[in-house]
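Structure record follows, encoded as structure tokens.
The values are calculated or read from the model by the stated rules, or taken from the named source; none is laboratory data. Only a predicted model underlies this, so the values are computations on that prediction, with no experimental measurement involved. With ideal geometry, Cβ positions are generated from the backbone for all residues, glycine too; neighbour counts draw on all protein chains shown. The area values use the complete protein model at the heavy-atom level, side chains included, leaving out ligands, DNA and RNA. Shrake-Rupley method; radii C 1.70, N 1.55, O 1.52, S 1.80 Å.
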Amino acid sequence: SVSIIRMLLIASGAVACAILAFNPAVVTLWLGPERFGGLALNAALAALVIAHSLAHGLFTTSATLGTRVQAGWASLAQGAVNLGAALLLGRLLGLAGIALAAVGSTALMAYPAGVWMLRKTTGLDQAALWRRALGPWAVRAAGLLALGAVVGALGMRVSPWLPLALAPVLAVLY
């Protein structure tokens, strides 16, 4: 279970880093600068990728080991919270609010339920999950995600070609 969650975090962290660094440039060059939703939306989408990947890892590992029905109910509860939050935050913050609603529903519903189900099926509690998977990943990913955000912001200010030129460097660092 820890290995699966680690692999999902590594993969989703790479995708989030790519979104932060390259999405502004790709959208600007491909669709035009007026179609880019802004750096706040971009950051919310990156957070969404990580949050939903974590929820997926928690739900699927525990469901495979015996909590399939509970995982189904937890998914429905997360969806209901997501819908309500998206309606509210979408009105307040626009598209970024809808993405943040998904992050919030993961934090409020999926994470606690997923940790509970994982503990029930494997004995892995929240402290061990943080010590063995989430904490080490977060320490390494924080700097790379910040670097991705800086590259994306520089691309918006300097040139949309800059992030694309830095792609190999970011890939090697990640």
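Criterion applied to 173, 88, 95 was being of a type in the set (A, V, I, L, M, F, W, C) and under 19 Å from residue 17 (Cβ atoms), and the one residue passing it is 173. The set of residues from region 27-53 being of a type in the set (A, V, I, L, M) and touching a Phe, Trp or Tyr at 6+ places or on another chain (Cβ under 9 Å) comprises 27, 29, 51. Scanning region 82-97 for residues that are closer than 23 Å to residue 57 by Cβ and open to solvent by 60 Å² or more (accessible area, probe 1.4 Å) yields a total of 1. One residue stands out among those in region 113-139 that are in contact (Cβ under 8 Å) with a residue 24 or more places away in the chain and of a type in the set (D, E, K, R): the one that is surrounded by the fewest Cβ atoms within 10 Å (Cβ to Cβ), which is 120.
On the stretch given as region 19-53, residues that are open to solvent by 10 Å² or more (accessible area, probe 1.4 Å) and touching a helix residue (DSSP H, G or I) at 6+ places or on another chain (Cβ under 7 Å) total 20.
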